[in-house]
Structures are given as structure tokens and as C-alpha cells.
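**Student:** Okay, here's the structure, questions in a sec.
The values are calculated or read from the model by the stated rules, or taken from the named source; none is laboratory data. Please read these numbers as outputs of a predicted model, since none were measured by experiment. Don't worry about glycine lacking a Cβ; one is built from the backbone with ideal geometry, like all the others, and counts go over all protein chains shown. Keep in mind that these areas ignore ligands, DNA and RNA; they rest on the heavy atoms of the full protein, side chains included. Shrake-Rupley method; radii C 1.70, N 1.55, O 1.52, S 1.80 Å.
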Amino acid sequence: MADLTDLRVLIAGATSASGVAAAHALCAAGATVLAAGSNAGRLAERLPFVHGRYEVDLANHAAVTELRQLIDVERGPIDGLLHLVGGWRGGKGLAGQGDDDYEFLHTQVVTTLRNTTRVFRDDLVASRCGRAAIVSATAVDAPSGSNANYTTAKAGAEAWMRSVAAELRTAQSGNKEHPVPQRAAAAVWVVKAFTDAATRAAHPERGTAGFTDVATLGAAAIELFSGDADALNGARIHLPTR
């Protein structure tokens, strides 16, 4: 297993099953794992093993700025940002794509990503192994009217991450005046949906064909920090299915 003992990784939206799995994997590899979420109780209940837990409104830029300042004092600059904030809202056809659902998805998926990547940008550039990643959906490749709000938000998040990747490249290997080897990378993981053993055991009647087990995300998180930054930067990676 890769040795990540000198890396500090912030997981935004960490209380989901995928967030918990990524946190377990990173902790096992020796990383200092910091978890941010909207509910202190869920953070304490689901992530008692991480090195720091922070209740924060990630949709509020000022709050995220304060979070960075706090983490910098307590732990130092971060090396990695896993943005796992999400949600799903559907509707029947285009007519069923409500404004409230769109605003919810845009805030959860896009606004929180914009805030965290802007605020922690300098940390990622300064790190010897800066990494940022999000989880997107195969639905972006095959949208329907009934999930138009959702796929629009996910596509927007992917576009933002391509911009993050361009920024990281410009700051390092693509710097026209002082190019340096690429150390930082921004990547997109793509899944149909996540599943986990506990959910499958509780609901065996639910079909999970083509789903990705959350343990796979944990392994992908390790690979993110052990892979070549130049190859990873801007990559769109389909995670294996069950």
C-alpha cells in the first residue's frame, strides 16, 4: 500500500458511505484525514477515527475561508481535497424539473465545489502532491429529460474541474516563465451510482447492476495520491463496477 503519512487530505461531504470509505482507506495509508460536513453529529458518529472534524456550510464562501484558516493553524496546509458533496433530485420529464430541485443541486454540487477549490487552490499548488477530485455520473454521458437538473449540475461540476486542472497546469508545468514538473492534479471519477455491503444486505431486492462499491472509491483515493500528476491532471476516470 502507498505510504501517505506526510499528506493531509480534506474530505468535503465526508459523512456519506463513499466519504467514510475514502476516509478509512486514506487513514489506513497513513494520511492525516480531515472531514468537513454540515452536521457535527453525523461527523462524530460516522467518522470517529479521522484526525479532524469540521462542521461548516460549504456553500458559504466566507465559512470555507474560515475553515481553511482554522485547518492551517491546527494542521497546516492541505495536500488533497476530495469533494464528495452531492445529492440527487429527479422529476418526470422536463416539465418535472423544478426550480427548487435545480437550486438544491446547483448549490450542493457546483457552489460547494467552487468555494472549496477556490479557497484551497494555493494549498494544492504549494503541495508536493496536490490533488483534487470529485465524483461525477455516467448520466452526464446519457442524459434524459427526467434527470436534466441532475446531469446539468454534474456537467457543470466537471467543467469546473477541467478549469481547475488548467489552473494547476498553468501554475506548474505550463508556466511560461518558470515551468516546474507537474505536482498537482485535478481529476473526475465517474460512476453510475455507489453501493455498499450494508445497503445490499438490508435491501437485497434493489438492483445494483453497474454500481460501484464504495470500497473501490477508497482504492481510487490511494491511487490518486500515488499516481503521476501530469497523467492525472484533467483525467476523467470511470471507476470499476461490481
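**Student:** Residue check, G234 against (1) in contact with a Leu (Cβ under 6 Å, 6 or more places away or on another chain); (2) in a loop (DSSP other than H, G, I, E, B), all met but one. Which one?
**Tutor:** The failed condition is (1).
**Student:** If you go through segment 124-144, how many residues are among the small types (G, A, S) and in a loop (DSSP other than H, G, I, E, B)?
**Tutor:** Of the residues in that region, 4 qualify.
**Student:** Of the conditions (1) open to solvent by less than 50 Å² (accessible area, probe 1.4 Å); (2) more than 25 Å from A221 (Cα to Cα); (3) among the hydrophobic types (A, V, I, L, M, F, W, C), V85 fails just one. Which one is it?
**Tutor:** (2)
**Student:** Please go through (1) of a type in the set (K, R); (2) assigned to a helix (DSSP H, G or I); (3) in contact with a Ser or Thr (Cβ under 7 Å, 6 or more places away or on another chain); (4) closer than 22 Å to V140 by Cβ for R42 and return the number of the only condition it doesn't satisfy.
**Tutor:** The number of the failed condition is (4).
**Student:** Next up: Filter segment 1-16 down to the residues that are open to solvent by 50 Å² or more (accessible area, probe 1.4 Å) and assigned to a loop (DSSP other than H, G, I, E, B), then identify the one that is farthest from F120 (Cα to Cα). If you could, list the steps in order and put the result at the bottom.
**Tutor:** Taking segment 1-16 first, the residues open to solvent by 50 Å² or more (accessible area, probe 1.4 Å) are 1, 3, 5-6, 8.
Restricting the remaining residues to those that are assigned to a loop (DSSP other than H, G, I, E, B) gives 1, 3, 5-6.
Values: M1: 27, D3: 23, T5: 20, D6: 18 Å.
Applying the filter and picking the extreme gives M1.
**Student:** Specify which of the listed residues (A132, A166, A155) is within 25 Å of G98 (Cβ to Cβ) and either at pLDDT 95 or above or open to solvent by less than 60 Å² (accessible area, probe 1.4 Å) (or both).
**Tutor:** Within the list A132, A166, A155, the selection yields A155.
Residue-by-condition table, conditions (1) within 24 Å of G234 (Cα to Cα); (2) in a helix (DSSP H, G or I):
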| site | (1), (2) |
| --- | --- |
| A62 | no, yes |
| P77 | yes, no |
| G87 | yes, no |
| A95 | no, yes |
| T112 | yes, yes |
| T117 | yes, yes |
| D122 | yes, yes |
| S146 | no, yes |
| G156 | yes, yes |
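**Student:** In addition: Filter segment 50-60 for residues that are in a loop (DSSP other than H, G, I, E, B) and free of Cβ contacts under 8 Å to residues at least 24 places away in the same chain; which is surrounded by the fewest Cβ atoms within 10 Å (Cβ to Cβ)?
**Tutor:** Step by step, filter segment 50-60, then rank; the result is D57.
**Student:** Which of the residues that make up segment 169-187 are open to solvent by less than 10 Å² (accessible area, probe 1.4 Å) and of a type in the set (A, V, I, L, M)?
**Tutor:** A184, A185, A186, A187
**Student:** Pairs needed: first member in segment 30-49, under 8 Å from T15 (Cβ atoms); second member anywhere, of a type outside the set (D, E, K, R) and in a helix (DSSP H, G or I); C-beta distance under 6 Å; at least 6 residues apart or different chains.
**Tutor:** The qualifying pairs are A35/L43; G37/L43; R46/V20; L47/A23.
**Student:** Please go through (1) open to solvent by 50 Å² or more (accessible area, probe 1.4 Å); (2) without any contact (Cβ under 8 Å) to a residue 40 or more places away in the chain for F211 and return the number of the only condition it doesn't satisfy.
**Tutor:** All conditions pass for F211, except number (1).
**Student:** Could you list all residues from segment 173-207 that are touching a Gly at 6+ places or on another chain (Cβ under 9 Å), modelled with pLDDT of 95 or more, part of a loop (DSSP other than H, G, I, E, B) and not charged (D, E, K, R)?
**Tutor:** Passing the criteria: Q182, A184.
**Student:** Is segment 17-28 home to any residue that is open to solvent by 40 Å² or more (accessible area, probe 1.4 Å) and under 20 Å from N115 (Cα atoms)?
**Tutor:** no
**Student:** Another one. Give just the number: which of (1) charged (D, E, K, R); (2) within 23 Å of A21 (Cβ to Cβ); (3) touching a Cys at 6+ places or on another chain (Cβ under 7 Å) does R183 not satisfy?
**Tutor:** That leaves (2) as the condition not met.
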